[in-house]
Amino acid sequence: MLLAWVRDIVEGVESFVVGMGSTARFAYENWSGKATGAMTLEYPAQKQAMPAAFRGHLFNNVSNCITCKLCAKACPVDCFVIEGERNEENKFRTSRFDIDLTKCIYCGLCTRACPTDCLTMQGGFELDPVNTVNQRGQRFLFTQRPDQLDVRLEGAEVDRLLRVSSLKPGEVGAEDRAFLDRIEDPRGTAIIAKFGVGYYTADEVKQVDARREELKKAKEAQAAAAKAAADKAKAEAAAKAAADALASAPAQEPKP
Amino acid sequence: MNGFHQSFLATAAWFSSCGLPGWLGLVLAGVVFYAVPLFAVVLPIAGLGQIFERKIAAAMQRRIGPSTTGIVGILRLTVNLALPWKAKAECNRLAERLVAFGPVALLDRLLTRTGVAQLAADGVKMIGKEDLVPSGVDGWLFRAAPYLAIAGAFLPFVVVPWSQHLVGADLSIGLVWVAAAGGLTAVAILLAGWGSNNKWTMLGGMRAVAQIVSYEIPVGLCMAAVAMWCGTLSLQQMVAAQYHPGVLSFLGWNLIQSPFMVILAGTFYLAAIAECQRTPFDTAEAESELVSGFNTEMSGLRWGMFAMAEYTETFLIGALFAVLFLGGYQSPVGEQWILSLPPLAETVIHVAIMTAKCLVAIWVMMWIRWTLPRFRIDQVMRLAWLKLVPLALVCLFGLALTMLLGARIEQVAYGRLLSAPSAQLPLIAWALSWLLAGGAIIALVVAAKRSGPPMPAALRRLTTAPARKA
Ligand code: SF4
Ligand code: SF4
């Protein structure tokens with residue numbers, strides 16, 4: 001019994017020493033840079049290539065999209081806002097393709113539904129709202145491909161939007177509401193306000209820019225025309241009043 | 001040190017002359033002169049211990065550990081806490097530019113790679129957390145527990161000697177004080193467990209108390225054995241008893257006085273780890289069974305106090321181990337020369353040596369933590385009652401026998417009695433004790449190994465170095 005007791009202790013000590021030895025070996029190899037060293041990947045600095053079938057951010061190659069909206073039907077969480085229009089040659093094309101990536105659960109069902117395979121999932125998985133800067137020095141929200149988004153914000157506006165978006169719905173004041181309304185998509189919906197993402201090719205962006213200019217010019221022209229018309233009417237009224245005054249003056253003169 | 005104590009008394013007198021009651025003056029002066037320096041030294045060390053541990057754990061698990069927080073992070077944190085929204089982006093950019101500057105970059109790299117800056121981040125995080133007191137808890141107990149834990153961890157430091165002159169109070173009952181004040185921890189954990197009104201904390205608290213009470217016994221026996229050997233309970237005198245003149249001053253250390261001392265040291269170390277609830281004995285926390293055990297409901301600073309208490313206790317164990325077995329603050333070589341230095345130099349050197357010994361003890365503790373998995377509570381108790389207590393008892397009697405024998409030999413050989421409190425046997429007795437006791441122990445071990453079936457193949461395979469992958 002005594003021997004069994006001693007044996008128990010001796011074996012315990014033995015296996016303890018073995019265990020300590022193996023951790024010591026690991027520590028030594030790690031510190032001395034022998035063997036494989038640390039397996040940690042220091043993520044933001046070192047990045048790992050994603051496997052081919054990785055389900056990252058969605059990307060739509062809009063030139064192949066036929067606006068069938070099958071992806072929108074397949075999506076279990078309603079991420080999509082899709083609009084189509086006819087172009088100059090009367091061909092149908094996608095005029096708007098927004099995916100709200102904050103809703104997206106990256107299930108990939110939409111890519112399976114797509115008949116032309118233009119909607120695909122890419123390797124990217126990072127969304128940095130603040131530091132994503134494109135070549136023009138403009139910052140964008142929630143997109144890996146900022147040149148594909150058609151709403152642009154400058155630094156201070158981004159900050160303000162981040163602050164406003166962290167408020168609860170009830171806390172958004174009238175001023176902030178006006179701010180949100182002001183930064184809406186030129187096509188009519190405040191996609192930024194609901195943190196959606198628009199995907200457009202670079203060409204499309206140019207077209208949007210051109211169209212925005214056109215719209216602006218047309219609006220200005222309209223305003224100018226209206227102003228001219230108003231001016232003209234005013235001038236006419238003034239002239240008429242003057243004429244009336246002139247006409248009535250001599251008639252009144254002899255009265256007194 | 002005497003001058004220090006004088007000024008302490010003078011300050012206490014000054015407080016009393018300001019109209020405070022005498023005891024309050026003493027307490028206040030004690031806080032200023034003793035508590036604040038102690039906290040100022042031990043708290044950062046305990047904090048650093050935490051970082052140290054994370055780095056060691058990382059190395060043993062093929063990870064990197066804290067490696068990112070640096071000057072930029074600290075600056076950003078400060079800026080984000082202190083400045084309004086508008087200026088933040090600019091300040092962040094400024095911080096980044098600052099760190100691009102050579103010397104700052106070097107410092108930043110040092111802080112970052114060693115993980116030291118992480119300490120600041122952790123501290124701020126802990127302080128910034130909501131002070132959560134769940135409904136249904138026993139408010140008083142719940143709130144008192146963290147303070148008691150801190151008190152239990154720090155009070156024993158009062159008697160720990162750091163040099164000939166630097167010791168809080170050299171009580172004649174030093175070891176008893178350590179055991180008694182350290183017992184507060186058990187109360188703290190039980191209060192936390194009971195007061196949280198939660199089944200996990202309750203189980204954790206009960207386990208902790210059962211465990212601490214059990215392990216008090218082997219720890220107490222080890223302390224008693226060493227106290228008997230040195231003939232004193234005062235830690236300062238215990239260190240003095242291990243003094244050995246000559247170049248090789250480590251020859252006087254208790255650890256190598258007898259094979260029984262070696263076994264006692266191992267027993268004490270294990271039992272002390274179990275007493276401060278560290279892995280593999282952390283059944284009171286047992287994340288895999290009890291969420292977080294006794295501190296499940298603690299958050300923010302309350303949790304932080306428990307964590308701080310834990311690391312302070314590891315430090316305490318290191319200090320105690322050094323005092324009991326490794327000659328306290330004494331240098332392994334040339335202690336005689338250090339003692340002849342002026343008090344200030346002597347104190348500095350001794351504090352450094354003591355800290356180094358503590359750090360080694362802590363390092364081994366961490367090494368053990370990342371090697372062994374957690375024991376079940378029944379295994380923990382069995383280890384205490386069936387292994388450590390008998391082992392400590394046997395060694396206690398062995399030591400007593402050695403002392404008797406040594407005294408007899410000394411009487412015969414030198415014609416005089418072993419002079420208390422000299423802990424060191426005469427050379428002949430020392431050699432005889434190693435031969436006899438060591439031989440007996442080895443014979444027992446060999447017989448025991450022969451008595452049963454051979455080591456299981458799986459364990460044997462483990463004992464030989466595994467084949468490396470190409
Ligand atoms: S991946 Fe899934 S959730 Fe995301 S847009 Fe496609 S269908 Fe919707
Ligand atoms: S399913 Fe494909 S083609 Fe159809 S609308 Fe969606 S992306 Fe375009």
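The values are calculated or read from the model by the stated rules, or taken from the named source; none is laboratory data. All figures in this text were calculated on a predicted structure; none of them were measured in a lab. Don't worry about glycine lacking a Cβ; one is built from the backbone with ideal geometry, like all the others, and counts go over all protein chains shown. Areas reflect the complete protein model, heavy atoms only, side chains present, ligands, DNA and RNA absent. Shrake-Rupley method; radii C 1.70, N 1.55, O 1.52, S 1.80 Å.
Checking an interface number: how much accessible area is buried between A and B, summed over both chains, with a 1.4 Å probe, in Å² rounded to 100?
The buried area between A and B, both sides summed, comes to about 3100 Å².
How high is the relative contact order of chain B, in percent, with contacts defined as C-alpha pairs under 8 Å that are six or more residues apart?
The value is 17 percent.
Taking each residue in A:3-12, count the Cβ atoms of any other chain within 10 Å of its Cβ, then average. What number comes out?
Averaged over the peptide's residues, the number is 6.
Roughly speaking, to the nearest percent, how much of chain B's 1.4 Å accessible area is carbon and sulfur?
Result for chain B: 73 percent of the exposed heavy-atom area is carbon or sulfur.
Can you list residues whose amide H is under 5 Å from residue B:65's amide H, if they're 5+ apart or on another chain and H is modeled 1.01 Å from N?
The answer is none.
Apply the Karplus parameterisation 6.51 cos²θ - 1.76 cosθ + 1.60, with θ equal to phi minus 60°, to every residue of the range A:223-239 and state each ³J(HN,Hα) to the nearest whole Hz, in sequence, with x for glycine and proline.
4, 4, 4, 4, 5, 4, 4, 4, 4, 4, 4, 4, 4, 4, 4, 5, 4
Using the Cα centre of the range B:139-449 as the reference point, and only Cβ charges (+1 on K/R, -1 on D/E), how large is the resulting charge dipole? Debye, rounded to the nearest 20.
460
First select every other residue whose beta carbon is under 14 angstrom from the beta carbon of residue B:143; then total the charges, Lys and Arg +1, Asp and Glu -1.
Net charge around residue B:143: -2.
Hey, what angle do you get for helix B:259-275 against the long axis of chain B, alpha-carbon based, 0 to 90 degrees rounded to 10?
The angle comes out near 30 degrees.
In nm, give the distance between the simple-model label positions of residue A:160 and residue B:287, each being 7 Å from the Cα along the Cα-to-Cβ direction.
That separation, rounded to one decimal, is 4.5 nm.
Once the whole set of protein chains is in place, how much accessible area is left on residue A:125, using a 1.4 Å probe, in Å² to the nearest 10?
Accessible area, nearest 10 Å²: 90 Å².
I'd like the mean, over residues of B:49-61, of how many other protein chain beta carbons sit within 10 Å of each residue's own Cβ.
Across the residues of B:49-61, the mean count of other-chain Cβ atoms within 10 Å is 3.
Check residue A:84: other-chain or 5+ apart residues with amide H under 5 Å from its amide H, H built from backbone geometry?
Amide H neighbours of residue A:84: A:95.
Mind ranking B:152-161, A:23-32 by how tightly packed they are, going by the mean number of other C-beta atoms within 10 angstrom, highest first?
The densest-packed peptide leads the list: B:152-161, A:23-32.
Can you list, largest first and rounded to whole Å, the semi-axes you get for the range B:3-48 by taking the square root of 5 times each eigenvalue of its Cα gyration tensor?
26, 11, 5
Could you compute how much accessible surface residue B:177 exposes when probed at 1.4 Å, giving the result in Å² to the nearest 10?
80
Largest first, how would B:323, B:167 line up by accessible area (1.4 Å probe)?
Result, largest first: B:167, B:323.
Taking θ as phi - 60°, what are the ³J(HN,Hα) couplings along the range B:427-435 by the Karplus curve (6.51, -1.76, 1.60), each to the nearest whole Hz, with x for Gly and Pro?
3, 4, 5, 4, 4, 4, 5, 5, 5
What FRET efficiency do you get for residue B:24 and residue B:176 if R0 is 30 Å and r is their Cβ-Cβ distance, rounded to the nearest 0.05?
After rounding, the FRET efficiency stands at 0.65.
For the Cα atoms of chain B, what angle does the longest principal axis make with the long axis of helix B:184-195, in degrees from 0 to 90, nearest 10?
For B:184-195 against chain B, the angle is about 50 degrees.
Let me check the size of the range B:139-449 from its C-alpha atoms; what are the radius of gyration and Dmax in Å?
Cα radius of gyration and Dmax of the range B:139-449 are 20.5, 67 Å respectively.
Please sort B:137-147, B:7-17 by packing, taking for each peptide the average over its residues of neighbouring beta carbons within 10 angstrom, highest first.
B:137-147, B:7-17
How long is the range B:142-241 along each principal axis, judged by its Cα atoms, biggest number first, in Å?
49, 26, 15
Net charge around residue B:302, counting only other residues with Cβ within less than 12 Å of its Cβ (Lys, Arg = +1; Asp, Glu = -1)?
-1
What 222 nm value per residue comes from the helices of chain B, counting each DSSP H run with n ≥ 4 as -39,500 (n - 2.57) and dividing by all residues, nearest 500 deg cm²/dmol?
-22500 deg cm²/dmol
How shielded is B:383-391 by partner chains, expressed as the average number of their Cβ atoms within 10 Å of its Cβ atoms?
Rounded to a whole number, the mean comes out at 2.
Step through the residues of the range B:38-52 one at a time and calculate ³J(HN,Hα) from phi using the Karplus curve (6.51 cos²θ - 1.76 cosθ + 1.60, θ = phi - 60°), rounding each to whole Hz and writing x for Gly and Pro.
Using θ = phi - 60°, the values come out as 4, 5, 5, 8, 6, 4, x, 5, 5, x, 4, x, 5, 5, 3 Hz.
When only Cα pairs under 8 Å and 6 or more residues apart are kept, what is the percent relative contact order across the range B:255-315?
Here the relative contact order equals 22 percent.
Take peptides B:91-102, A:236-247, B:276-287 and line them up by average Cβ neighbours within 10 Å, highest first, as a rough protection proxy.
Per-residue mean Cβ counts within 10 Å order the peptides as B:276-287, B:91-102, A:236-247.
Label residue A:247 and residue B:94 with points 7 Å out from Cα along Cα→Cβ: what is the distance between them in nm?
Each label point is offset 7 Å from its Cα along the Cβ direction, giving 7.4 nm.
Counting Lys +1, Arg +1, Asp -1, Glu -1, what net charge surrounds residue B:254 among other residues with beta carbon under 15 Å of its beta carbon?
In short, 0.
How much solvent-accessible surface does residue A:11 expose, in Å² to the nearest 10, with a 1.4 Å probe and all protein chains in place?
It works out to around 50 Å².
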